[in-house]
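What follows is a single structure, written as structure tokens, with notes after it.
The values are calculated or read from the model by the stated rules, or taken from the named source; none is laboratory data. Every value quoted in this text rests on a predicted model; they were computed, and no experiment measured them. Ideal geometry is used to build each Cβ from the backbone, glycine not excepted, and the neighbour counts take in all protein chains shown. What goes into the accessible areas is simple: the full protein's heavy atoms, side chains included, and nothing from ligands, DNA or RNA. Shrake-Rupley method; radii C 1.70, N 1.55, O 1.52, S 1.80 Å.
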Amino acid sequence: MPTFVAMKWTFASSASTGHVTAVVKPTSSEFSADLATLIEARAERGVKGWLHQVAGAEQFVRVLTSKGDAAEMAHSGRKAGAELAGLLSKNKISNLSLEAGDATFHVAEGLALAAYRYTRLLGKKAKEAWTLDSVEVVGLSARDAKRLEVLMAAVTEARDLINTPVLDLTAEDLAARAEELGQIYGFKVTVLNQAKIESLKMGGLLGVNKGSVDPATFSILEYKPEKAVNSAPYVLVGKGVVYDTGGLSLKPSNFMDTMKCDMSGAAAVIGTLCAVAGQGLPVHVIGLIPATDNRPGGNAITPGDVITISDGTTVEVLNTDAEGRLILADALHYAKKYKPQLVIDLATLTGAAARAIGPNATVAMGNASREVWEQLQTSAANTHERLVEFPFWDEYNDLLKSEIADLKNIGGAEAGAITAGKFLEHFTDYPYVHLDIAGPAFLDSPWGYYGKGGTGVGVRLLTDFLTHVAS
Ligand code: BES
Ligand code: ZN
Ligand code: ZN
């Protein structure tokens, strides 16, 4: 079990000088030349938000964001922050003071998101690695500075978990890290071990785990503040496949090599609990994380096997690579006991979702009320963790009919993201939203304010969503 120490930024608030400027120090002549180039390049591209250099002993970088609605301004501020991160990293500047008027929060956010590096496994190269250590955010209230600090730490925790290879992050390691984070941020974590999972007859999770030498875990995270606005909890369910080889339906190696990311849904749930508890939001939230690796070893389930989910549904497994829905089925059934207000699951569930829209958005579907969808879409715009709602018509259920069992675990050649969602809906009896994050969860090349690797998608979205339902 590795020691986890996440990269941490301190966002310290200080009084506003009344200028809409970002003050960056220390400075060097090379830095100001870079800055000038950046400003020119941005102007040529007609970028709406821009940076501007003001001569002086210190370098004043002025950040103006585009006119537009609040969500567009926020996005543009984050992009400016990400460009600033590029400059800081190039010039190895680790501490800075930033003031950008109304945009300060989002410029600092973009800066932190873009400054993230997964450095834990750098050996000899660790010494050369640049880190952003502290950002003084001028003119931001102490409360907002704290809110930003907790949010960025939560996203970082999620990204670190995703980027950690399975050698260092088995299902038990994932559960242990959730426990540690619960201690730090203030939420309760209960980990059900293999024996307990067996006694609960979680045949989906146990079935997927059969080809593994490591035990499965089922973690229950709970944040229940005294003054919660909701009497029925919000339940978040995260797919925790710590590595997906495909099982006996083995993936070709070029599809397998990034599959340490198959617990990104779990990471998003853990990160959201960190943010919500760390910010002390008055909302009762539960996180459920079924976790295992999916391997073809020893007694692995075979295509053609029939397994029984904890609710009694039998499932004909025709492709062992469609494993996420099997472990989520047990978790969604487990969620019923909370009589939840709403259940949202996050999962790197299908290649079909990633193929449909790429890394630009999450594929969303479900049967929750229009009011819930509107709030989710508002949060998606606020955070730029965009959602595209797919249809959820019952006709898609026809594709999941099995000759010998209640369901089969794959649909046809078409609508793969939706048939996966309909499979999951079978195990629900509450308002439900399914978020397939296979596209944006893990990047093969930089995108927006993110470098390669895990993005922590879902943490900012759901924290924003829960902030709104809590107010
Ligand atoms: N973990 C994968 C989905 C995935 C693909 C996530 C690409 C991230 C990037 C999932 O378990 C899977 O393999 N799904 C299969 C389902 C199919 C067999 C019905 C897929 O999408 O090919
Ligand atoms: Zn799979
Ligand atoms: Zn998977």
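Brief remarks follow.
- Using alpha-carbon coordinates, inclination of helix 370-383 to the longest axis of the chain, degrees: 40 degrees
- Helix 264-278 vs. the chain, principal-axis angle (Cα, 0 to 90°, nearest 10): 60 degrees
- The mean sequence separation of alpha-carbon pairs under 8 Å and at least six residues apart, normalised by the residue count of the chain, gives a relative contact order of 16 percent.
- Axis of helix 416-425 versus longest Cα principal axis of the chain: the two differ by about 70°, to the nearest ten degrees.
- Simple point charges give the picture: +1 on the Cβ of Lys and Arg, -1 on the Cβ of Asp and Glu, and for the chain a dipole about the Cα centre of about 940 debye.
- Protection-proxy order for peptides 135-141, 166-172, each taking the mean of Cβ atoms within 10 Å per residue, highest first: 135-141, 166-172
- Among 124-132, 178-186, the peptide with the highest mean count of other Cβ atoms within 10 Å heads the list, and the full ranking is 178-186, 124-132.
- Rounded is the label for the stretch 152-470. Its Cα gyration tensor axes, ordered a ≥ b ≥ c, give a/c under 1.5.
- Distance between the C-alpha centres of the stretch 424-465 and the stretch 271-295: 13 Å, rounded to the whole angstrom.
- Cα gyration tensor, the stretch 298-352 - rounded (a/c under 1.5), prolate or oblate: oblate
- Within the accessible area of the chain (1.4 Å probe), percent carbon and sulfur: 53 percent
- Where only DSSP H runs of four or more residues are counted, the chain gives -11500 deg cm²/dmol as its mean residue ellipticity at 222 nm, each run worth -39500 (n - 2.57).
- Centroid-to-centroid separation of the stretch 238-255 and the stretch 124-182 [C-alpha atoms, Å]: 26 Å
- Summed over the residues of the chain and divided among them, the accessible surface reaches 40 Å² per residue at a probe radius of 1.4 Å.
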